[in-house]
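Data first, discussion second: the structure below is written as structure tokens.
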Amino acid sequence: MSAQPAAAGSSPAHGRRFLAAWIVLSAILTPVVAFFLGPAIPPGNGSVEATGQVFDNEVLVAVSTPVCVFVVLFLGYALVSFRSRTAEIVDGPPLRGDMRIQIAWMIVTGATVLGLAAFGTYELLQGGAGGGQGPNAAFLPAGHNHALDVQVIGQQWEFTYRYPTFGGLETPQLVLPANTLIRLHVTSLDAVHSFWAYQLGVKADANPGTDNVVYVQTKGARSFDIRCAELCGLWHGYMFDTGQVVDQGRFTAWAKQQQTYFTPVARYLPPYATTYMPDPQRRAG
Amino acid sequence: MSATAVEIRPPVWRRLIGFNAITGVIFGIIGYYLGWFLGHHITGKSIAFFADIDQNDLSVLLGYFFGVSGFLIGLGFGVYPWARLRGYPPSLREKETQGTSRYFGLCTDHKVVGIQYLIGIGLFFFIGGLNAMLIRVELLRPASQVFPAGQYLTLVGMHGTMMMGMMTSGILGPFANYFVPLMIGARRMAFPRIESLTFWLLMAAGAVLTTTIFFGGFPTGWTGYEPLNSQANTGMDSYLVFFALVGVSMCLLGLNMLATIITMRAPGLTWSRLPIFCWAVVSTSILNLLAAPVLIAVLGMAILDRTAQTTFFNPQGGGSPYLYQNLFWVFGHPEVYILALPGMGIVLELLPVFARKPLWGYRLAVSGLLGVTLLSWLVWQHHLFVSGINSDLRPFYMLSTELISIPTGFTFLCGLMTLWRGQIRFTVPLLFCLAWFFNFLIGGLSGVFLSDVPSDVTTHGSFFSMAHFHYTIMGGLVFAFFAAIYYWSPKMFGYTLNERLGKIHFWVMFISFNSTFAPLFAVGFLGQPRRTVTYAHNLQFLNDWVSVSAFVLGLSMLVFLYNFVYSLLFARIRAPQNPWSSLSLEWQLPSPVPVHNFDRIPVITGDPYDYGNPSPGAIPATAPAGGSS
Ligand SMILES: [Cu+2]
């Protein structure tokens, strides 16, 4: 076994050359990613929460870019510059660490991580960022006292919706007024479901016996996709639907009309409540 | 030492009788029916014996319990306790010198167990991979086409459970069992019988999970969420028993590894000279030992809910589905590091050999591994960011989750700096290690999106998170697994795997892996949830692309399989004792390694990374072992 340290390839310029290349490449790529790829990342502009998430994703891809460039460039640089060009095995220099590099690395990664956590927390404080917050929501948007309550009931295998301000009417369609702060109460009658209103940037698990509150501030009129995002049994794959955000006037008209339809069946339904205790669970495959 | 005394071997039929896999299977089947009838006896005569096979959870569970017990007794795990009860002197070693048959039974040679694990886990990895192929066939079209909804869910559940269960021992099983004693200069593991037990438990578990298809499969995926779990048919019991057995196996494996590394290191092998792979094994074993009991407990509660009508997870009886979710992820998050840490260990262990440099920042790498181990306990609720539990704790879990990137970053820095200014040799194992960096980088960066609550609202439960954990587990663990098998097969089998086929395997696998999982980030962001048999029409092109890439990925596994069988059974090119000129202790032993590993226990004077040291003699002292006389 020949164990002679190689004299070649130990030029100190390597480090500086690599760092310069990294800074230049990152400086070029980060804005490109942030301003061209970033805004294209879903869920889009369907609600204030969705817009906030797009901004969040934009920041995250921007921060990820230099990290990604660092590792890939490092691997590329090392593999090209330091590949062994001899037939017999030659050893490299016995470098066992460098405290300055280690400390610099800790400071940079630590600062990045703390910055990201602070940023995510700040975004979360803006009303919960569209995620289900449970019965005692910790992050309340401004004006939450005047939010419109709408209940989402997950059941195998559909969502139904109840509107407590319209006599507790229950419908299979979700219609929401535009430019309104909505408080969704998500619950389930059987398995765990997850209510995902994709373009609105809303996701909240539906647990039986739990009132999972999520705030969403709608923008203009549009339709949006609804899917169940938690495996809930046999027909989980078919648990999708389309909801509507409509102008205030059309929403009131729709709600009045639904109330008329609803009256005959109202007495067969349990009164509106935040949770429902269904019959004992039966086998449903 | 001359271990080749002439043995008089009995005829084949005589050797088949005794405690071995055949007896185990026979006893297992007898035990299953014993338990099954017992279950029917307990639940009462009103239930018809043969008609209600998919209704009586108790008889299925008891069947599995007695079946697994019978299997283990048939393998001979009862012999030692029985002998001790009768006052016979204990023997630490069993069936260590009997030819091929020792691979089919209880054998206390850690090298045999390593090979058993390699083949056994490979078999179940193959089944799990086949399930993935079938899932991708179904997803070629947006609507359900090949499989009915229930079968599709069973495929998804089988794939996920098989992989997450079996692969916990994917590296620890074959490579830690085989190489930890060799690396620390020991002649055996601390608990050789328990070592064998962990393997056979895992095989019993795999068989149990596979039998779920006879009971209608299960609909919950690998997470087994309640209350769907309690609703499901008896196929669910297979899942519960499988994971509980895996839990027992993991726990014992961790215990055994810790005991071995703590107590059986050769003289001079201080903690600061321990090979980094052993440190990764220590970290993983701590997680194994502490996380698996939580899993066993939560599955036990689910079993009680299903049979004894307790209501741990049923809100109507005062229980809560959140209890299941919390407990499952208290286990489940450490588990993903159980899958990731051994991969880190392999990569950091192999880089010095192929960069011909010492491991850079040894202490930093160790603290990285231990830091991940510690932090992995504090992050589980990031799986529940939209579940409606503890919304006020979300900033904490966001912070703790993102903090994990700091110790993970340590291992990245150490690995990368080891390459820096090295004399890098592009062997197949090194290629897999380099791919590990790339894959784990993408996996880690996508994890930042999932750890960030606003971003997680969209990505949670979507194909984005699925792509993320495939990058960390398949891109991390499986790539490291292949690095390890190419690296160590000359020592394990005495034959080198074909390098050309290895490179073909690597490139096909690396490209098709990225081509499979990178588009899934987009698919998830575009709104496709996991585990659904249908998806939006506009996502068909991406899904088809992914499916075709996945088929190529499957083919790359066949390239490996071909290489493995061809090189070991047909080409049979004898490998030199130390083909990579590694300084690590296991390479100083002859191939194949003698049963007792070391004639004299070596004395260690340094760590195994002393490459490029101008004064030789600082190389760790190793005793010439077996066959040197
Ligand atoms: Cu659902």
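The values are calculated or read from the model by the stated rules, or taken from the named source; none is laboratory data. What you see is a predicted model, and the numbers here were worked out from it, not measured in a lab. So basically every Cβ, Gly included, is an ideal-geometry build from the backbone, and we count neighbours across all protein chains shown. Calculation scope for accessible area: heavy atoms of the full protein, side chains included, ligands and nucleic acids excluded. Shrake-Rupley method; radii C 1.70, N 1.55, O 1.52, S 1.80 Å.
Please go through the range B:222-234 and pick out each residue that is within 7 Å of chain A (Cβ to nearest Cβ), closer than 17 Å to A:Asn207 by Cβ and not hydroxyl-bearing (Ser, Thr, Tyr).
If the condition is that a residue be within 7 Å of chain A (Cβ to nearest Cβ), closer than 17 Å to A:Asn207 by Cβ and not hydroxyl-bearing (Ser, Thr, Tyr), then B:Pro227, B:Leu228, B:Gln231 are the ones that fit.
Here are B:Val146, B:Val68, B:Val112: which of them is crowded, with 16+ Cβ neighbours inside 10 Å and in the same structural domain as B:Glu195 (by TED's automatic domain parsing)?
Of B:Val146, B:Val68, B:Val112, the one residue that is crowded, with 16+ Cβ neighbours inside 10 Å and in the same structural domain as B:Glu195 (by TED's automatic domain parsing) is B:Val112.
Given the options B:Leu375, B:Leu341, name the one that is open to solvent by 10 Å² or more (accessible area, probe 1.4 Å) and outside any loop (DSSP other than H, G, I, E, B).
Values: B:Leu341 fails: open to solvent by 10 Å² or more (accessible area, probe 1.4 Å).
Only one candidate qualifies: B:Leu375.
Quick one: which residue in A:Ser47, A:Ser84 is more than 9 Å from every other protein chain (Cβ to nearest Cβ), over 23 Å from B:Leu520 (Cα atoms) and buried (at least 19 other Cβ atoms within 10 Å of the Cβ)?
Exactly one residue qualifies, and that residue is A:Ser47.
Restrict the check to the range A:116-128 and report whether at least one residue is open to solvent by 50 Å² or more (accessible area, probe 1.4 Å), at pLDDT 90 or above, under 20 Å from the mean Cα position of the chain (by Cα) and farther than 30 Å from B:Tyr225 by Cα.
Taking every residue of the range A:116-128 in turn, at least one turns out to be open to solvent by 50 Å² or more (accessible area, probe 1.4 Å), at pLDDT 90 or above, under 20 Å from the mean Cα position of the chain (by Cα) and farther than 30 Å from B:Tyr225 by Cα.
Go through the range A:170-218 and give me each residue that's surrounded by fewer than 24 Cβ atoms within 10 Å (Cβ to Cβ) and either of a type in the set (Phe, Trp, Tyr) or touching a helix residue (DSSP H, G or I) at 6+ places or on another chain (Cβ under 6 Å) (or both).
Within the range A:170-218, A:Thr171, A:Val175, A:Pro177, A:Gly209, A:Gln217 qualify.
Can you report the number of residues in the range B:524-540 which are facing another protein chain (nearest Cβ under 8 Å), open to solvent by 20 Å² or more (accessible area, probe 1.4 Å) and free of Cβ contacts under 8 Å to residues at least 60 places away in the same chain?
1
Within the range B:378-409, which residues are under 23 Å from B:Ile286 (Cα atoms), more than 8 Å from chain A (Cβ to nearest Cβ) and part of a helix (DSSP H, G or I)?
If the condition is that a residue be under 23 Å from B:Ile286 (Cα atoms), more than 8 Å from chain A (Cβ to nearest Cβ) and part of a helix (DSSP H, G or I), then B:Leu378, B:Trp380, B:Gln381, B:His382, B:His383, B:Tyr397, B:Ser400, B:Thr401, B:Pro407, B:Thr408 are the ones that fit.
This table checks each residue for (1) in a helix (DSSP H, G or I); (2) away from chain A (no Cβ under 14 Å); (3) aliphatic (A, V, I, L, M); (4) surrounded by fewer than 24 Cβ atoms within 10 Å (Cβ to Cβ).
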residue	(1), (2), (3), (4)
B:Thr284	yes, yes, no, no
B:Ile303	yes, yes, yes, yes
B:Asn326	yes, no, no, yes
B:Gly332	yes, yes, no, yes
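Scan the range B:420-441 for residues that are touching a Ser or Thr at 6+ places or on another chain (Cβ under 9 Å) and more than 10 Å from every other protein chain (Cβ to nearest Cβ) and jot them down.
Within the range B:420-441, just B:Asn439 meets the criteria.
Could you list, in sequence order, the residues of the range A:129-139 that are out of contact with any Gly (no Cβ under 7 Å at 6 or more places or on another chain), facing another protein chain (nearest Cβ under 7 Å) and not in a strand (DSSP E or B)? Give the derivation first.
Of the range A:129-139, the ones out of contact with any Gly (no Cβ under 7 Å at 6 or more places or on another chain) are A:131, A:135-136, A:138.
Those still in the list that are facing another protein chain (nearest Cβ under 7 Å) too: A:131, A:138.
Passing the criteria: only A:Ala138.
Taking the residues in the range A:185-207 that are among the aliphatic types (A, V, I, L, M) and within 26 Å of B:Val523 (Cβ to Cβ) as candidates, determine which candidate is farthest from the ligand (Cβ to nearest atom).
In this case the residue turns out to be A:Leu200.
What number of residues within the range B:346-365 are open to solvent by less than 10 Å² (accessible area, probe 1.4 Å), under 26 Å from the mean Cα position of the chain (by Cα) and of a type outside the set (A, V, I, L, M, F, W, C)?
2
Can you report the number of residues in the range A:152-184 which are within 16 Å of the ligand (Cβ to nearest atom) and either in contact with a Phe, Trp or Tyr (Cβ under 7 Å, 6 or more places away or on another chain) or within 14 Å of chain B (Cβ to nearest Cβ) (or both)?
First pass over the range A:152-184, keeping only residues within 16 Å of the ligand (Cβ to nearest atom): A:152-161, A:172, A:174, A:184.
Add one more test, that the residue is either in contact with a Phe, Trp or Tyr (Cβ under 7 Å, 6 or more places away or on another chain) or within 14 Å of chain B (Cβ to nearest Cβ) (or both), and what stays is A:152-157, A:159, A:174, A:184.
Matching residues across the range A:152-184 total 9.
Let's see how each residue does on (1) out of contact with any Phe, Trp or Tyr (no Cβ under 7 Å at 6 or more places or on another chain); (2) not charged (D, E, K, R):
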| residue | (1), (2) |
| --- | --- |
| A:Tyr198 | no, yes |
| A:Gly201 | yes, yes |
| A:Asn212 | yes, yes |
| A:Asp225 | no, no |
| A:Trp235 | no, yes |
| A:Phe240 | yes, yes |
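From B:Pro321, B:Pro315, B:Pro334, grab the single residue that is touching a helix residue (DSSP H, G or I) at 6+ places or on another chain (Cβ under 6 Å) and of a type outside the set (A, V, I, L, M).
So the residue among B:Pro321, B:Pro315, B:Pro334 that is touching a helix residue (DSSP H, G or I) at 6+ places or on another chain (Cβ under 6 Å) and of a type outside the set (A, V, I, L, M) is B:Pro334.
For residues that are more than 20 Å from the chain's Cα centre (by Cα), in a helix (DSSP H, G or I) and crowded, with 24+ Cβ neighbours inside 10 Å, tally how many sit in the range B:460-490.
2
Could you check B:Leu568 against (1) part of a helix (DSSP H, G or I); (2) within 30 Å of B:Leu274 (Cβ to Cβ) and say which number it fails?
(2)
Would you point out which residue out of A:Thr275, A:Thr252, A:Thr218, A:Thr210 is farther than 15 Å from A:Tyr161 by Cβ, of a type in the set (Val, Ile, Thr) and away from chain B (no Cβ under 14 Å)?
On inspection, the qualifying residue turns out to be A:Thr252.
Among the residues of the range A:231-246, how many are within 10 Å of chain B (Cβ to nearest Cβ) and open to solvent by 20 Å² or more (accessible area, probe 1.4 Å)?
Number of matching residues: 4.
Filter the range A:88-106 down to the residues that are within 7 Å of chain B (Cβ to nearest Cβ) and either over 22 Å from B:Ile406 (Cβ atoms) or among the aromatic types (Phe, Trp, Tyr) (or both) and list them by number.
The answer is A:Ile89, A:Val90, A:Asp91, A:Gly92, A:Pro93, A:Pro94, A:Leu95, A:Trp105.
Specify the residue that is modelled with the highest pLDDT; the eligible residues are those in the range B:3-58 that are among the small types (Gly, Ala, Ser) and assigned to a loop (DSSP other than H, G, I, E, B).
Per the criteria, the residue is B:Gly18.
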